[in-house]
Each structure stands twice: as C-alpha cells, then as structure tokens.
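All remarks here apply to the structure that follows.
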Amino acid sequence: MRVLVIAPSPPFPVTYGAAARTFNIVKELSKQHKVWLLTYSNNGNANSHSTEEYGRNAEVGKLDPLAEYCEIIPPVARSVPSRLRKRLHQLTSAFGLASYARREFYREEMQNAINEVIRDKRIDAVHVESSFMGYFKFGDSLLKVLDEHNVEYQLLYRVFKTERNPLRKLYNFSEWIKFRRDEIAIARRFDTVFYPSEVDARIMRPHLGNRVAVLPNGVDTNFFSPREGAERPNTLLFFGAMNYYPNVDAMLYFANLIWPRIKQRAPEATLNIMGPNPPKIVRDLAAIDGIGVLGKVDDPRSLIASATVVVVPLRIGSGTRLKVLEALAMGKAIVSTSVGVEGIDITDKEVVLMADAPSKFADCVVETLNDSRLRAAMGRNGRALVESRYSWSQVCQPIQEVYRDA
C-alpha cells in the first residue's frame, strides 16, 4: 500500500519516547509498503529540527536517517509560541469551547499539505501519530489508522488530580473535559485505533468497540544492550524528556520526599537527571547534595549502563514508558511506581521493584543498591522480557496485519 504517515514533529533524533515510537513504526511499515512522512517543522520540542535544516534533509535525504525508510515531504511551518503567548492561548482556551490542543495543532496549511500529498502521491492509507494530528480531514475512501501514544485525556485528568495551584487545577479540569470530547470524536473517525497498552485500550473500548487494538511500545534490543563492567556504585539515574510535565513532577516528588530518606541510609548515593530541556525548577535541584542535572545527552547508553539503579517515580502518565523498556534492555535494575511501569508485563521483584509510597520507594532503592545479586537477577529477567516480547519487529505485527488485510 501507499501510506502517508502524519506526525506532530520530525521523529528524529530518536532521543525521546514519541520519536522512538514513530521512527520505528515508519521503519517497520517500510518493509511492506511505500511510505511518505509529513510533519510540522517544529512544535517547540528541543529535539525538532528547524524548518531550514529539516527541509534540507528532505531534499538531500542522506542526512536524515529516515530517508532509508520513507519519502519525507517538506514540513509545514508552525510557529512556536513564546511563554507569554502560550499563556494567552491557554487563558483563551480556558474560557472558550475549543481545546488548547486544537488551537495548537490545527493549521489550514497542514490541511492543504495533506490534501496535496493524498492527491499527488495516490495515497491508499493515512496513518496518524497521535490524536493531536486527528483534527484534519482525510477523505472517506482511504484506510485510516490512528496510533495513540497515550489516552491523552486520562493524562490530563491525572495532572488535574495532582495539581495544587487552584488556577492551574481549574485549567486542567477544563482541558480534561474538552479534550476528552475531542479525543473520543477524533478516534471514531478512524478504522483502527492503536493504544500502547491494554490499560489504555480498556478505557477506550466503551467508546470505540472493536476498532480498538493494542500496539505496545518496543525497544531496539541491538542498540540498547547490556554492558558488562560499566556499573558505578551508588549511582541512581532518571532519564526522559525534561520538558514533559509528568517527568518534571516525578523529579520534584523524588527530590523532596524520597531523596532525603535515601541519603540518610546511603550517604554516598548520587542521582543523575538526564534529558533535554530541563526547566529552571528542575535545574535548581542540582543545588541539593548528590543530585546532578545533566540535560540532553546525545547517546544515553553510557549513563544508563553506569547506573546502579534506574528510578521511575512517575505519578502521572498514560501509555507505556520507553525509558523503562530501554533500561530493561540494558539489563538494569529498576525501582518504579506502579504508574511508571503501567502497561508493561512486569512481575514485581523479578523484573522491577514497585512502590508508590515515598518511604517504601526509598526502602526499595536502598535494598537494590546494597544487593548485587538482586540487581543481577532483575537485569537478566528484564533483558529476557524485552527480547521475548518487546522488540519493535514483534510489537509491530498487529499494525502490519491491519494494512495487509485492508
């Protein structure tokens, strides 16, 4: 089939979760289909290329790792709002009928580009990454597939529940109501809608029926592999896109409520926070004894390999966390909240230690730091799990079947 993939931003470099999922889906689709990729040039993500650079990649091809798998359509420009303008957009959204997501992601220029590619390339199927890109019209005759990275309105609800600022809490409640309406209506326009976990699928089945399918996140088990002898003692690591609110919340929660308990019992312990674009509130955590804020690292594998324990203290989230799969693939011991490993087929103690209370989380971290046999067993079990169930070629089989049977 001739498949047009539409995504919010260029899925490269592959240094954050959404990019990894989109990149690998394109790669797998290209094995059986002709694929085109259309995105916005920049959505404010630190990992996105500028319009000029991305357009040049689209022409030269060899500069872009995706050129091996698809034809890249020159991107549609979308200005990134300043902090003040973003706040004005949010305020307008709070008192209007349209969700903030619709204001941010719908552009007539993108609709025109979609129409042109469908017509000129004789597209058979449209594959949309994220409901944020589902506001457009794609025509009635094409196969339409939506790949969701989360149930976004569920994520908004969890933000609302944990927010303490009254104004932000009210805003998040308003957005939860409006985007819940949008997300369900968007999904109903597609023939098949993939979710990254059975947890997400169960939420949406009452609205979508048999159109719901599960496509778990995966991991490149060749790229992320164990490195013997790289581990450094008493070293904790958290990694992820640090301009993503659930990750910010996780680090503030960890630094304030868990880290002091760990330092009391393991004074030599250190914590590295790795990920692009940490806001000031996260950068300020470097003032706390033992905490380092590293920002973006081009190749995270060395730091993952050196960690004694990877911590995933997420309280907010939906879908499945690629950071967990990557750490498992590298044979690392993990301590996580239940939200952090949600949607992954994990057995507590055999693959990870799970704890939701701050005191229990600290206990699990200290136990893992002090028990090399436990860490080794968790690492072996985690690596075996991703090899057997979470390689991208395995997890993408359901999506291949949808296109093959159309």
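The values are calculated or read from the model by the stated rules, or taken from the named source; none is laboratory data. Small disclaimer: the values here were computed from a predicted structure and weren't measured. Using ideal geometry, Cβ is built from the backbone for each residue, glycine included, and neighbour counts are taken over all protein chains shown.
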Checklist entry - Restricting attention to segment 7-21, and to residues there that are touching a residue at least 60 places away in the same chain (Cβ under 8 Å), hydrophobic (A, V, I, L, M, F, W, C) and touching a helix residue (DSSP H, G or I) at 6+ places or on another chain (Cβ under 7 Å), which single residue is nearest to Leu325 (Cα to Cα)? => result Ala20
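Take Asn256 and decide whether it is loosely packed, with under 15 Cβ neighbours inside 10 Å and closer than 30 Å to Lys332 by Cβ.
Details: loosely packed, with under 15 Cβ neighbours inside 10 Å: yes; closer than 30 Å to Lys332 by Cβ: yes.
When the stated conditions are applied, Asn256 passes them.
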Next on the checklist: I'd like the full set of residues that are aliphatic (A, V, I, L, M), under 23 Å from Val386 (Cα atoms) and not in a strand (DSSP E or B), limited to segment 223-247.
Outcome noted: Ala230, Ala241
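Test of understanding: among Tyr244, Tyr195, Tyr253, which residue is hydroxyl-bearing (Ser, Thr, Tyr), in the same structural domain as Phe361 (by TED's automatic domain parsing) and under 19 Å from the mean Cα position of the chain (by Cα)?
Working: Tyr195 fails: in the same structural domain as Phe361 (by TED's automatic domain parsing); Tyr253 fails: under 19 Å from the mean Cα position of the chain (by Cα).
Criteria check complete, one pass: Tyr244.
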Checklist entry - In segment 154-169, what count of residues is obtained for those that are touching a residue at least 40 places away in the same chain (Cβ under 8 Å) and surrounded by fewer than 18 Cβ atoms within 10 Å (Cβ to Cβ)? => result 1
Checklist entry - Which one of the conditions (1) closer than 30 Å to Pro300 by Cα; (2) part of a strand (DSSP E or B) does Ala213 fail to meet, given that it meets all the rest? => result (1)
Checklist outcome for this item: Checked Lys332, Lys323 against criteria (in contact with a Phe, Trp or Tyr (Cβ under 6 Å, 6 or more places away or on another chain), in contact (Cβ under 8 Å) with a residue 40 or more places away in the chain and not hydrophobic (A, V, I, L, M, F, W, C)); the one match is Lys323
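Across segment 119-153, what is the total count of residues that are part of a helix (DSSP H, G or I) and buried (at least 20 other Cβ atoms within 10 Å of the Cβ)? Before you say what the answer is, go through the steps one by one.
Just the residues of segment 119-153 that are part of a helix (DSSP H, G or I), to begin with: 119-120, 131-133, 152-153.
Okay, now just the ones that are also buried (at least 20 other Cβ atoms within 10 Å of the Cβ), so 131-133, 152-153.
So the count comes out to 5.
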Item to check | Condition met for Val212 (in contact with a helix residue (DSSP H, G or I) (Cβ under 7 Å, 6 or more places away or on another chain), buried (at least 22 other Cβ atoms within 10 Å of the Cβ) and more than 22 Å from Val324 (Cβ to Cβ)) | outcome: no
Item to check | Residue satisfying all of: in segment 308-328; surrounded by 24 or more Cβ atoms within 10 Å (Cβ to Cβ) and polar (S, T, N, Q); farthest from Thr235 (Cα to Cα) among these | outcome: Ser318
Next on the checklist: Being touching a Pro at 6+ places or on another chain (Cβ under 7 Å), surrounded by fewer than 21 Cβ atoms within 10 Å (Cβ to Cβ) and modelled with pLDDT of 95 or more: is that true of Ala250 here?
Outcome noted: no
Checklist entry - Quick check: is even one residue across segment 300-307 modelled with pLDDT of 95 or more, closer than 15 Å to Phe238 by Cβ, under 19 Å from the mean Cα position of the chain (by Cα) and not charged (D, E, K, R)? => result yes
Item to check | Qualifying residues in segment 207-250 (those that are of a type in the set (Gly, Ala, Ser) and touching a residue at least 24 places away in the same chain (Cβ under 8 Å)) - the one farthest from Arg180 (Cα to Cα) | outcome: Ala230
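Condition (residue is surrounded by 24 or more Cβ atoms within 10 Å (Cβ to Cβ) and assigned to a strand (DSSP E or B)) applied to segment 345-353: is it met by at least one residue?
Taking segment 345-353 as the starting set, the residues that turn out to be surrounded by 24 or more Cβ atoms within 10 Å (Cβ to Cβ) are 351-352.
When the remaining residues are screened for being assigned to a strand (DSSP E or B), the result is 352.
Yes, segment 345-353 contains a residue that is surrounded by 24 or more Cβ atoms within 10 Å (Cβ to Cβ) and assigned to a strand (DSSP E or B).
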Checklist entry - Within segment 175-194, can one find any residue that is under 21 Å from Ile344 (Cα atoms) and surrounded by 17 or more Cβ atoms within 10 Å (Cβ to Cβ)? => result yes
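Please give the helices (runs of 4 or more DSSP H) falling wholly within segment 1-114 in which 3 or more residues are closer than 26 Å to Ser141 by Cα and at pLDDT 85 or above.
On the way: elements: 17-29, 51-60, 83-94, 100-105.
So the answer is 17-29.
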Checklist outcome for this item: Counting only residues that are crowded, with 19+ Cβ neighbours inside 10 Å and closer than 24 Å to Phe160 by Cα, segment 218-247 contains a total of 8
